[in-house]
Amino acid sequence: MRSASNLLLLRFGARRWLARIMFTWGLLAMSMLFVRTPSHSMCCGFLLGMAEAGFFPGVIFYLTLWFPMERRARR
């Protein structure tokens, strides 16, 4: 079963979707500066986890586009 992030990655393209993930990830990481309570920390951590969840599958998909299918099995 594919996640929503993977479906959006196919729709928008790997480069644009990974750039969106990195931008969101950076904004949420910077927002951790303003955390004052444990509940805010958990909320920001959860949102940060959601933002980075599609990064690894996206990078794997992007790397598979570099090699032609016949050469991919040898790699």
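At-a-glance table
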{"read-out": "About the Cα centre, charge dipole magnitude for the chain (Lys/Arg +1, Asp/Glu -1 at Cβ), debye", "value": "340 debye"}
{"read-out": "Cα gyration tensor shape of the chain, rounded if a/c is under 1.5, else prolate or oblate by comparing a/b with b/c", "value": "prolate"}
{"read-out": "Sites V35 and F55, calculated FRET efficiency, Cβ-Cβ separation with R0 25 Å, nearest 0.05", "value": "0.70"}
{"read-out": "Average Cα contact separation per residue, segment 5-71, under 8 Å, 6 or more apart, as relative contact order %", "value": "44 percent"}
{"read-out": "Extended-chain gain in nm, criterion 0.36 nm per residue less alpha-carbon gap, T24 and A73", "value": "14.3 nm"}
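We did not get these values from a lab; they are worked out from the coordinates using the rules stated. Predicted model only: the values in this text are computed from it and were never measured. Every residue, glycine among them, receives a Cβ derived from its backbone with ideal geometry; neighbour counts consider all protein chains shown.
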